[in-house]
Each structure stands twice: as C-alpha cells, then as structure tokens.
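The values are calculated or read from the model by the stated rules, or taken from the named source; none is laboratory data. Keep in mind the model is a prediction, meaning the values are calculated, not measured. Cβ placement follows ideal geometry from the backbone for every residue including glycine, while neighbour counts extend to all protein chains displayed. For accessibility, only protein heavy atoms count, side chains too; no ligands or nucleic acids. Shrake-Rupley method; radii C 1.70, N 1.55, O 1.52, S 1.80 Å.
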Amino acid sequence: MIIWTGTAVKRHTLRSVILENGIVRTMEPSLPTARGLAVAGEWIAGGVGTHETALASPDRVDLGGRCLLPGFTDSHVHFPTWAMAQREVRLEDTRSLDEALARVHAALPDVRPGTWLLGRGWRSGDWQPQVEPTKELLDEFAGETPVALMARDSHSIWLNSAALTRANGDLQVPGGVVELNEHGEPTGVLREESCWHFRDAYIETTDDEYVEAMRGAIKLANARGVTAVHDKDGWLGALRFWQRLESEGALTLRVWQSLPAEKAPELQAVDVQSGLGSPLLRLGYLKAFMDGTLGSQTARMLDGSGVQITSREELAELIRAGARAGFPVAVHAIGDLANREALDAFEETRDEWHPRGLRQRIEHAQLLTAEDVGRFAKLGVAASVQFSHPPSDRDLADRFWGDLDSEPYAFRSLLDSGAVLVNGSDAPIEELDPLAGIRAGVLRTLDDRPAWHPEQALTVEEALEATCVTPAWLSGDEHRRGKLLPGYYADLVVLDRDPLACEPEELAEVKVVATMLGGAWTHNPPPW
Ligand SMILES: [Zn+2]
C-alpha cells in the first residue's frame, strides 16, 4: 500500500493497486462506469479485468460498493488566505452587529502582545438592524491591539483606531474607497483598492506563518476530496509558499498558480511561460479585476453604479501583454457591465491569444445580460463560477439586483450556450468543500426555502463535470487528469455512495471516504 509519507521517494516506486468491487465513475461518456480500477505507480493502468494480469503482485482494495470519482479541483481558491482564516475570528454567520462585536471581544485574550487581532466573514447586509460598522465600536474594548476584520467578500475591511494609525493617513489609493463620517474622518471601513492596500502594506504575516497554516489546510483539502486547486493568491507569494511545501514533501495537491497581471512584462523578460513547473506546482495564469462585489455594492453595473478597477482598454492591454508572455488571463467580473467589458476585451484581442491556445477565463461571471451569456462559448472564454454563491447570496441579490433584466448566477444558461463552466469555492469566502458546492449547484438552496432561480439548477452530472473534468482542461491537463482513464494520473476520491444514484435530498449525506493523488493515499488509506 502506498501512503503519502512526506518524501518524494515513494512516488517513483512503481507499485500497483487494484480497487475493486465498487462503482467507478470515469466521467468519460463513451465508458461511463466500471466495477474496478487498476493503478500502476502514479497512473491509472485500466479497468479491472483488462490489465490486472500485467501488474506485478498488486495490492487489492475492496471498495465494498463505494464510489470512485476523479479527484475534485477547486478552480477558485485563495489558498494561503483560506489557510490563515482557519485561525482567525470567523464572523460569517453573525446576524447582528452586536453578535459580531461579542465574538471579536471574546477573541481578544488570545491575541499575543504586539500582534494583530484578525478576523473575517462579516457582511453588514446580513445584520438586523441594518448598520455599518465603525472603528469606535472596536475601540471600546480593543485598546492598543490593532484589529482588522475582512468582510466576507474580501473587498472591504473594518479597522479600529489602533490599526488605522499604522497607516499614518495613507488610506486613499486609486480605485479605493475610504468611508468617512460626518466629521470627514475615516469610519474605519475601507473598500476595494484601499482595503487591499491597507492589508498588503500594514498587516504583517510572515512566510513561516503562511507555510505552517497551509500545511494543515492541505490535509483538510485532501480530506474533502480535493486533488487540485487553481490558486488566486499569487499576489501574496503563494508560489514561494507552495515551493517550500513541495520541497519538504508536504504538497499533496496539484496547483495551478495565478500571478498578478502586471507581471506579464517581467515574465516575458525572463522567458517563462504558463505551464512551467513540476507535476505538482505550475505557473498558470494572470489575475486581474474589473470591479468590486455584490456584498460591498461595488459591482460595476450597466445602470452606472459600482467601482471600476480595470477599464475595458486596460484589460485588453493586459490580455495582449499576457499573450505575448504566453499566459492566459483570469479576470474577476461581477456586475453586468464589468462582464460585458471583460468579454469585449477578450473579443477585440482574440486574434492575439486564440492562435496561441491560451485558455482565458472570467471569474465569477455573476450578473450577465441575456446577450452576453452566449459570448463565453462564442469567444472560447471559460466561466469560472462558484456553485455555492447563489444560495448564500440570494437575499442580497434579490435586494440589489432583483429588479434588473440581467440574469444572476446563470449557470444553466451558460452551459446550454456551450460555455466551458468550472466550479470553485472562492474560499475563504465560502468554505472549501466541493461536495457542498455540488449540492448548491444542484439544489440552489442551503436551507428549507425552495430553490432560488431553479431554472438555473444543474444536474449532479453537470456539477461533477464542472468540478472534476473541465478544470483539468483549463489548466491544459485534459489528457492527464479529470477522468479515470488509462494513462491518466491516479488522482481520485472515494465516496461512501454514488452521488449520481442519489435522490437530491440524499446528496447532503454523501461523504468523502478517502483521497488518492498520483497513486498515493493522501487521506484515510484503506482498509475502511
Ligand atoms: Zn476570489
């Protein structure tokens, strides 16, 4: 039996294992199921009964009727941020400002002297009564301890006075919002570029802290069936954190890494292209932002509201620079105008990137006009969406977008138009948990309320396709990963039952039993 031990040696020892007596969902339409799977070294050798005699004394694992699927990819995760968030004060489910304050107050005694009290997950739209947070509310109990609380969408931050002083007035930056009170002083809430500038310039987290947090978070991701991630935190140094983890044998995920879009000329100068790296860690794509978010009311809308982070012309330039350097672009676009301008920019530059085979993507694609839905397929730009967002955003979306003609979270329309649809969590904004995402994509509800926009719901098969198969295409791995076929990496997840044979109400019961990466168990090796 091959278990991930923290050394790379075992990955090179050709061992074989036969997983038998289960339901293998290959995700290949011409050969959808098998009863077993043979693994030789890092690779799938074949279905049971075909190649097993060719394998030298294989281990045998009785699946006991359990289900095998290709390992899950989370196509949109801020992994180091999510890893750190496991240790922060979490405010996601607070129903009032007082509840949020009580939770922050309770965390104060655990803060080491001289360090920050960090938290995340608040959304003032969820609070009753409706109020905006201020620094004074934190000052009452936090004293000299700097407090920084990131909003749920990571586009706003709530600070106390001790934290604000660190910036010494350096708060306003282009594309940023500094909320002011009636005396013209900062309220303690910064949005968009001002939020990120503050976070990057004044909140210090060491590399060691990130790497340590990621060590545990990788195990947690493996336990949830994840074998690959498309990370979004290139801007904060994710690449060097992953590299450290890989060199010590602790990287048990395949990583497709983002880098900030402004880096294109530097990448070109050193002649580095997308795809460079190892089987576990590769440079993937450039990341840019068109606008803000629904929750912060900074999404850029056709009605003229919202915040512009990158203009259509600027994005076109970034796409061109990316194409010259050999990198695709992933651009965050939430509002209907942001999405339209992103599509326009991909359209006007298509002659420059399409012949190079670059797999471009729009992240979130949350609000689309009917005429823009079909443009993703036509241009060959993937829609990188989050199935868990609609049921969690439904109240805000009804409040802010309810009267608009544009379609929110139009996953079914995108699929039907022929678009490549991939699913991610956007963790830490939602939890990194692919099974929860699949459930949300199918049910479009998380509570006892009826499905929200049920006409946009997906089948279990479609949700799995977007979680296992299409993400591998986006990272250029469609002949190596994403299906359980001979010659593909043995990256797989064992579930306690077959989600494709479940009634919708039973989906919540489906559990990850074990996870394998490149032929080695990364979570809960058998026997089970
Ligand atoms: Zn994100």
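Roughly how many percent of the accessible protein surface of the stretch 371-528 is carbon and sulfur, given a 1.4 Å probe and a whole-percent answer? Carbon-and-sulfur percentage of accessible area, whole number: 50.
In the chain the Cα-Cα distances spread across 10 Å bins starting at 0 as 4, 19, 28, 27, 16, 5, 1, 0, 0 percent of all pairs. Of all lysines in the structure, those lying under 22 Å Cα to Cα from LYS483, and not within fewer than 8 positions of it along the same chain, are LYS511. Taking all Cα pairs closer than 8 Å and separated by 6 or more residues, the relative contact order of the stretch 301-444 comes to 22 percent. If one computes the Cα centroid of the stretch 254-331 and of the stretch 493-528, what distance in Å separates the two points? Rounded to whole Å, the Cα centres lie 34 Å apart. By the rule of a C-alpha distance below 25 Å, with chain neighbours fewer than 8 residues away ignored, the lysines paired with LYS263 are LYS232, LYS287. Pairs of Cα atoms nearer than 8 Å and 6+ residues apart set the relative contact order; for the chain it is 18 percent. Residues whose amide H falls under 5 Å from that of ALA427, counting only those 5 or more places apart or on a different chain, are HIS78, with hydrogens built in the peptide plane.
Translational D (Stokes-Einstein, µm²/s) of the stretch 154-258 at 20 °C and 1.002 mPa s when Rh comes from the Kirkwood sum over C-alpha pairs? The partial results should precede the final answer.
Numbers: Rh = 15.8 Å.
It comes out at roughly 136 µm²/s.
Summing Cβ point charges (Lys, Arg +1; Asp, Glu -1) relative to the Cα centre of the stretch 171-325 gives a dipole of roughly 820 debye. Binning the C-alpha pair distances of the stretch 85-170 at 5 Å intervals from 0 yields a P(r) profile of 3, 15, 28, 28, 18, 7, 2 %, listed from the shortest bin outward. Distant-in-sequence amide contacts of THR369, defined by a placed amide H-H separation under 5 Å and a gap of 5 or more residues or a different chain, comprise GLU407.
Relative to the current alpha-carbon distance between ASP59 and ARG399, full extension at 0.36 nm per residue lengthens the span by 116.7 nm. For the stretch 89-129, list residues with backbone N below 20 Å from a point placed 7 Å from the Cα of GLU204 toward its Cβ? Counting backbone N atoms under 20 Å from the label point, the list is 111-119.
Using a probe of 1.4 angstrom, how much of the accessible area of the stretch 194-274 is carbon and sulfur, in percent? Mind dumping the intermediate values first?
Numbers: 1580 of 3240 Å².
Roughly 49 percent of what the probe reaches on the stretch 194-274 is carbon or sulfur.
Model label points for ARG87 and ARG112, set 7 angstrom from Cα along the Cα-to-Cβ axis, are 0.8 nm apart.
Applying 1/(1 + (r/R0)^6) with r as the Cβ-Cβ distance of ASP416 and GLN273 and R0 = 41 angstrom yields a FRET efficiency of 0.75.
Kindly provide the helix-only [θ] at 222 nm of the chain, computed as the sum of -39,500 (n - 2.57) over DSSP H runs of four or more divided by all residues, to the nearest 500 deg cm²/dmol?
Values: 18 runs with 156 residues, N = 528.
One gets -8000 deg cm²/dmol as the mean residue ellipticity at 222 nm.
Close amide-amide hydrogen proximity is noted between GLY41 and ARG15, SER16, VAL17, each under 5 Å apart and 5 or more residues distant or on a separate chain (H modeled in the peptide plane; Pro and chain starts excluded). A simple spin-label model places the labels of ASP139 and TRP528 5.6 nm from each other, with each point 7 Å out along Cα-to-Cβ.
Ranking ILE44, THR349, GLN268 by how far each Cα lies toward the positive end of the dipole of the chain (charges on Cβ) leaves ILE44 at the top. With contacts taken as Cα pairs under 8 Å and at least 6 residues apart, the stretch 431-481 reaches a relative contact order of 29 percent. Average accessible surface for the chain: 39 Å² per residue, computed with a 1.4 Å probe over protein heavy atoms with every protein chain in place.
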